[in-house]
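Q: Quick one: the structure is below, and I'll ask about it shortly.
The values are calculated or read from the model by the stated rules, or taken from the named source; none is laboratory data. Every value quoted in this text rests on a predicted model; they were computed, and no experiment measured them. Remember, those area values only see protein heavy atoms, side chains included, never the ligands or the DNA or RNA. Shrake-Rupley method; radii C 1.70, N 1.55, O 1.52, S 1.80 Å.
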Amino acid sequence: MEWSLESVREMVAGGMQSIRECEICAFAIAMCVLLLFMWYCYRVGREHGSSPLRGRYLAGPGRLGGVVGGFMSSDCRGRGKGKHGSLLEEQNGFAFCQSSECFRCTSAGESLNQRLYHSLQDYAKRYTWSGMGRVHKGVRDQGRYLNSRPTIQRPEVFFLPDLPSAPFFSREVQRHDVELLEQSFPALLAEFESIYHQPPARSGSSLPPGWKANSTPRGQWWTYYLVNQGTPLVLNVRRCPRAWRVLGQLRTFIANNVFGNACFSVLTPGALITEHYGPTNVRLRCHLGLRVPPSCELVVGGEPQCWSEGSCLLFDDSFLHRAFHEGGTEDGPRVVFMVDLWHPNVAAAERQALDYIFTPGRLEDKEGK
């Protein structure tokens, strides 16, 4: 190639033309990006302003409104008394309550949908949206998740998407808390004996103070709650200081929201708890066996397991599950200490947000009180 002044001019002119064309392309790309950003802001603002949960979250009467899946929650048995006693109904051999004290049995409908989403918005304004992707997705599309779940796993209240699911979990997933509970076995057993063998709370009752009888198709199922739906029962806690101390040492106990419970649970010989679902998949229910006679079994998601004295069973109670004690009177009751722990794959930021959203009393309909 021969270099000359004319060839240099042509090269410079061509370069300038290319730069001008690139500027036009860059400007067009920038405008497209700006328009897409403005469209995204519009959509997000519209979602936050009008609550996309309208008509989707907990759709239908089978969820929180009225009945909880046709089954009275084990978290609220015994609460449907007094002025709400007339609301007790029977289905599949079980009574369920509609007590205003019970989060899972509270009349909900669209107002709860809005309060749930507004609570998430309030949390994000106070703290951050960072790490809230799954929680936001779960809250926004809750109705779709709940209604489209397979029958083997169908939580009644809240489903967090993208959590690993299995009926039973290895003790290793919450190793610290499992080992602490198992080390506390003698103390918890002794404390159970002390509250179980007290004289009846009142004449005509067979139950010692603090115990609740749950409705079952046959046999007896009694519970003694230290924490019920995130609320400590002060009198029961005072009678069980060692159990309360153990709860305070657990790292993953759900202590601050309505999905957290801790109790002694007793099944008498011949008792049956028929199939039902828990309220959420964000927790694992832990059973520490205190007294386990033969012929007792827990079936979760179609998988049977047997309790063992001094050992813990971890299971996801959002799966369909049932329990029974088919032993004889001479075998005595089956007794477990039950604690709700966080699912190991729920991140710390998500736990904090769920504690805020599901703080006891936060989602109550104040206008209906």
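Q: Compute the convex hull volume of the Cα atoms of segment 308-366, divide it by the residue count, and report the result per residue in Å³ as a whole number.
A: On the way: hull volume 9.5 nm³, N = 59.
Hull volume over Cα atoms, normalised by residue count, gives 161 Å³.
Q: Return the carbon/sulfur percentage of the accessible area of segment 195-256, one whole number, probe 1.4 Å, all protein chains in place. Write down the numbers at each step before the final one.
A: On the way: 1690 of 3310 Å².
Reported share for carbon and sulfur atoms: 51 percent.
Q: While we're here: When only the heavy atoms of the protein chains count and the probe is 1.4 Å, how do S206, S318 rank by accessible area, highest first?
A: The ranking, largest first, comes out as S206, S318.
Q: Rounded if a/c is under 1.5, else prolate if a/b beats b/c, else oblate: with a ≥ b ≥ c from the C-alpha gyration tensor eigenvalues square-rooted, which is segment 201-277?
A: Because a/c hits 1.5 or more and a/b fails to exceed b/c, segment 201-277 counts as oblate.
Q: Further question on the same structure: Could you list which residues have their amide H under 5 Å from that of V227, counting only those 5 or more apart in sequence or on another chain, with H placed in the peptide plane?
A: L233, A262
Q: Let me ask something else about it. How large is the translational diffusion coefficient of segment 158-296 in µm² per second when you combine the Kirkwood radius over alpha carbon pairs with Stokes-Einstein at 25 °C and 0.890 mPa s?
A: Taking Rh from Cα pairs, D becomes 148 µm²/s.
Q: Let me ask you something else. Could you give each residue of segment 179-185 its phi-based ³J(HN,Hα) in whole Hz, using Karplus coefficients 6.51, -1.76, 1.60 with θ = phi - 60°, and x for Gly or Pro?
A: Working through the residues one at a time gives 5, 5, 5, 5, 5, 8, 3 Hz.
Q: Once phi is turned into ³J(HN,Hα) by the Karplus curve 6.51 cos²θ - 1.76 cosθ + 1.60 with θ = phi - 60°, what whole-Hz value does each residue of segment 222-236 show in order, with x for glycine and proline?
A: 10, 10, 10, 7, 8, 10, 10, 6, x, 10, x, 9, 4, 5, 5
Q: As a test question: what accessible area, to the nearest 10 Å², does L35 have when a 1.4 Å probe is rolled over all protein chains in place?
A: 110
Q: Tell me, what HN-Hα J-couplings in whole Hz come from the Karplus equation 6.51 cos²θ - 1.76 cosθ + 1.60 at θ = phi - 60° for each residue of segment 290-298, using x for Gly and Pro?
A: Those phi angles translate into 9, 9, 10, x, x, 6, 10, 8, 10 Hz.
Q: If amide H atoms are built 1.01 Å from N in the plane of the peptide, which residues on other chains or at least 5 residues away come under 5 Å of the amide H of L160?
A: Under 5 Å from the amide H of L160: N281, V282.
Q: Name the shape class, rounded, prolate or oblate, that the alpha-carbon gyration tensor gives for segment 254-327, where a ≥ b ≥ c are the square roots of its eigenvalues, rounded holds for a/c under 1.5, and otherwise prolate holds if a/b is larger than b/c and oblate otherwise.
A: Prolate shape, in that a/c is at least 1.5 and a/b is the bigger ratio.
Q: Per the 1.4 Å probe, what fraction of the accessible area of segment 284-369, in percent, lies on carbon and sulfur atoms?
A: With neighbouring chains kept in place, the figure for segment 284-369 is 44 percent.
Q: Oh, and also: Hey, can you find the accessible area per residue of segment 252-369 for me, probe 1.4 Å, expressed in square angstrom? The partial results should precede the final answer.
A: On the way: 3790 Å² over 118 residues.
It amounts to 32 Å² per residue over segment 252-369.
Q: A further question on this structure: If you take the alpha carbon radius of gyration of segment 142-214 and divide it by 2.2 N^0.38 Å, what ratio comes out, to two decimals?
A: 1.75
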